[in-house]
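Working notes, structure below.
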Amino acid sequence: MLNRRELIKRLTIADSNARGELNKWKDSEHPDPSSFAESIYRYVIYKFLLDDETELTPTHDLNELAKQSVVKAGKLNPNETTLLDASKHCGAASSFMTKKVLLFMSLSEYFGFQYPPYNTADIETTDMLAEIILKKCW
Amino acid sequence: MESTTIKTLHETVLKCRLVFFDIVHELPYEGPCRFGKGKELEREFDEMINNEAFKGVQMGINFNLPENVEMLEPKRYINHTENWRISEEEMEKLCVGSEETDVYLVSTTGRTGEMIVEFAQMVKKPVIFVGNDYGATINTSAMLARGIETYSMLSWDQFKKTLRVLRARKALANTRVLCVSRFGHDYSLHDSNDSFISLDKVTEVLGTKFRFANLHEVIDQIQEIDPTTNYTTPGRQQLNINADDMVKVNAVIDDLMNNADPCVMERENMIPSVKMYQLVQKLLGANECNAFTANCPDACSTCRINKERFTFCISHSLNNEQGIPSACEYDIAAVVSKAALQAMSGTASYMGNTAVLTLPDGTLTEDGFVQHFSKDHVGPEKWDALRGTPNVIMTQHSVGNRKMKGFDEEDARFSVRPFAYSGFGVTMRRDWDKDAGQVITMCRFSPNCDKILISKGTLTGGFGYEMDNCTHGALFQVADTQKFYDAQIQVGNHVPFVYGDYYDEMVQLAKILGLEVLAC
């Protein structure tokens, strides 16, 4: 288990790597869809702190990845929910839903697009997410 | 008079509707019930979370729906905020379609309890609270305390069971029993006087309805004559067997003769009983019924059965194979018990005289106090094997069927033999030995329709496969025959069973119906 200082360091590195995946496409005029999708997948893996997981279940399903991320957060430090994007809804939202929603929000902020909030639940995979971003931003 | 299609219990569909209640915060702030940072306090975050939760609940429900449960178009109260105003207009929109909804499934992202309770009070339908730990206990207890029929559970498995139970309750309310009677109509005086004392009470408790046909009028109609010339109803158009019916009768006989292993009856001796079966189908259709019983002993004593050379046995077997609960001896309690079991299992059931053979310590009761009418039917080898085998019970009538494992399953091995020693009366016998080890579930309603015996056992074999008459039966073990007997003397003789373990569901059904459970 990481202490708070170690956890912040771990999060900073992961965030930097995630952002690096997106920065690759900053000046691209026509991103290759397949490579872009792979970058979005890598971005999600970094954001969900799954990059050093040796037994990661191979999936592009966002719910599954978010659930694995919740498990990972528990391993890293179950007391640091604020740092690890665990559930912060006063009602009945689970941590994996919170992770997924925050992921969308950070991507829409980075790429500067608005996604109608009531459709985000229909985005089920990292590939779908990549396809939507490409349509919105290029 | 045209007959209509029989709507079997199996076709009963429980219609459910999801109603989801959102909560959205209008303003970004933290406090005792709201926490987070940055984006997490934005309204958009809540909207997305609500959408994720709504979709997640829908996916879970759709993945876990049992057979014959249908989800109607979901409804959603969007944008309820922490200003706590409840829109009457929006609430009324949620209620649209309540008349076609059997059960509401409600879920929420939180803090909407007052709306959920109010909604349940508006629609006056059973409610299942789906998902989330605290919300379930808060809202379920709140609704139960207000007299609202509410369910909540700890797993999808329990969710499925509850839906199966509620569907079974609906199927029981959709059951309409055609009762062929000679004398009074609530129960038989000379036969199953352990059946329901008051059918009005049964309708009140279960919703099951009853329709009646006069025995003599029915027997008249197996004659292939002008249907307006029956002795008991001169001038009235009846449903007599005709040439078209005889095509169907012969097709049924062909099936039985070609597939039985063996069929020891001559076609000529099979025709009257199968004609009666065909007539029963027409009567069921014309009376819009989906369950059946007829009064064998009262019919027997008219001597018309002997004269016409038929019995009702094959009608019961073939009815049961089609999902039409059908029981011997005007035992309406057995018919309704079969309906409950079949509604739960989606398979055919079996019924017969049910008697304890061995005590929990393995003693075979042979001291002369109990006369074992069926000792000769069981056969010496199997009878001897009972000694020392604890908790054995038999259920015996020659009304086996081929569909105990499911209506769409392959036919089980069966034989066809006569009921009467003079060669008439078609009976179907199932080879119970082949299914030894099969778990079974039993039930029987009490005469006052206020109690129900529910039991579970394991089939150990059968008897009478190669005999004539009412000699066919099944043997099975239960946990404790003394307990079974103590319960049985409160409910009666015929205790029907189905294949499979539906014990928990039957107990839940009984509780929902307000019945005292005699668990054994």
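The values are calculated or read from the model by the stated rules, or taken from the named source; none is laboratory data. From a predicted model like this one, the values you see are computed outputs, not experimental measurements. Counting neighbours? That spans all protein chains shown, and the Cβs are built from the backbone with ideal geometry, glycine included.
Here A:Pro33 qualifies as modelled with pLDDT of 95 or more and surrounded by fewer than 15 Cβ atoms within 10 Å (Cβ to Cβ). Of B:Ser192, B:Ser181, B:Ser188, all but one fail to be in contact with a Gly (Cβ under 9 Å, 6 or more places away or on another chain), touching a residue at least 24 places away in the same chain (Cβ under 8 Å) and under 30 Å from B:Pro272 (Cβ atoms); the exception is B:Ser192. Among the criteria (1) under 30 Å from B:Met265 (Cα atoms); (2) in contact with a helix residue (DSSP H, G or I) (Cβ under 9 Å, 6 or more places away or on another chain); (3) surrounded by fewer than 23 Cβ atoms within 10 Å (Cβ to Cβ), the one B:Thr358 does not fulfil is (1).
Under the condition of being within 21 Å of A:Asp122 (Cβ to Cβ) and more than 36 Å from the chain's Cα centre (by Cα), the residues counted in region B:69-97 number 3.
Being more than 22 Å from B:Glu224 (Cα to Cα), of a type in the set (Asp, Glu) and in the same structural domain as B:Lys201 (by TED's automatic domain parsing) is a property that holds for B:Glu321. For region B:115-139, what are the residues that are within 14 Å of chain A (Cβ to nearest Cβ) and either in contact with a Pro (Cβ under 7 Å, 6 or more places away or on another chain) or of a type outside the set (Phe, Trp, Tyr) (or both)? Within region B:115-139, B:Met115, B:Ile116, B:Val130, B:Gly131, B:Asn132, B:Asp133, B:Gly135, B:Ala136, B:Thr137, B:Ile138, B:Asn139 meet the criteria.
The set of residues from region A:58-91 being more than 30 Å from B:Pro28 (Cα to Cα) and modelled with pLDDT under 85 comprises just one member, A:Lys75. Being surrounded by 12 or more Cβ atoms within 10 Å (Cβ to Cβ), at positive phi and more than 14 Å from chain A (Cβ to nearest Cβ): is that true of B:Asn68 here? So B:Asn68 fits the description; yes. Among the residues making up region B:22-63, those that are surrounded by 15 or more Cβ atoms within 10 Å (Cβ to Cβ), outside any helix (DSSP H, G or I) and not small (Gly, Ala, Ser) are B:Asp22, B:Ile23, B:Val24, B:His25, B:Pro28, B:Arg34, B:Phe35, B:Glu42. Applying a threshold of 6 Å to beta carbon distances and a minimum spacing of six or more residues, or different chains, the list of pairs starting in region B:27-56 at a residue that is more than 7 Å from chain A (Cβ to nearest Cβ) and ending at one that is acidic (Asp, Glu) reads B:Asn50/B:Asp22.
If you filter region A:92-138 down to residues that are within 7 Å of another protein chain (Cβ to nearest Cβ) and either assigned to a loop (DSSP other than H, G, I, E, B) or over 13 Å from the mean Cα position of the chain (by Cα) (or both), you find that the one that is modelled with the highest pLDDT is A:Ala121. Scanning region B:170-229 for residues that are within 16 Å of B:Leu9 (Cβ to Cβ), in a loop (DSSP other than H, G, I, E, B) and touching a helix residue (DSSP H, G or I) at 6+ places or on another chain (Cβ under 6 Å) yields B:Thr175, B:Gly207, B:Thr208. Filtering B:Arg85, B:Arg176 for residues that are away from every other protein chain (no Cβ under 14 Å), touching a Cys at 6+ places or on another chain (Cβ under 6 Å) and of a type outside the set (A, V, I, L, M) leaves a single hit, B:Arg176. May I ask you to verify whether B:Met48 is modelled with pLDDT of 95 or more and either in the same structural domain as B:Leu27 (by TED's automatic domain parsing) or hydrophobic (A, V, I, L, M, F, W, C) (or both)? No, not satisfied.
A quick yes/no check of all residues on (1) over 27 Å from B:Arg164 (Cβ atoms); (2) part of a helix (DSSP H, G or I):
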residue: B:Arg76; (1), (2): no, no
residue: B:Ile86; (1), (2): yes, no
residue: B:Met91; (1), (2): yes, yes
residue: B:Tyr104; (1), (2): no, no
residue: B:Ser107; (1), (2): no, no
residue: B:Gly110; (1), (2): yes, no
residue: B:Glu114; (1), (2): yes, yes
residue: B:Phe119; (1), (2): no, yes
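Among the residues of region B:393-418, those identified as part of a loop (DSSP other than H, G, I, E, B) and closer than 16 Å to B:Asn319 by Cβ are B:His397, B:Ser398, B:Gly400, B:Asn401, B:Arg402, B:Lys403, B:Met404, B:Phe407, B:Asp411.
Looking across region B:27-68, the residues that are more than 49 Å from the chain's Cα centre (by Cα) and of a type in the set (Gly, Ala, Ser) come down to B:Gly31, B:Gly36, B:Gly38. Given the structure, is B:Ser349 assigned by TED's automatic domain parsing to the domain that holds B:Gly285, at pLDDT 95 or above, among the hydroxyl-bearing types (Ser, Thr, Tyr) and closer than 30 Å to B:Gln508 by Cβ? Against the criterion (assigned by TED's automatic domain parsing to the domain that holds B:Gly285, at pLDDT 95 or above, among the hydroxyl-bearing types (Ser, Thr, Tyr) and closer than 30 Å to B:Gln508 by Cβ), B:Ser349 qualifies.
Could you check region B:275-304 and list, in sequence order, the residues that are of a type in the set (Val, Ile, Thr) and surrounded by fewer than 24 Cβ atoms within 10 Å (Cβ to Cβ)? Listed by number, the list holds a single entry, B:Thr302.
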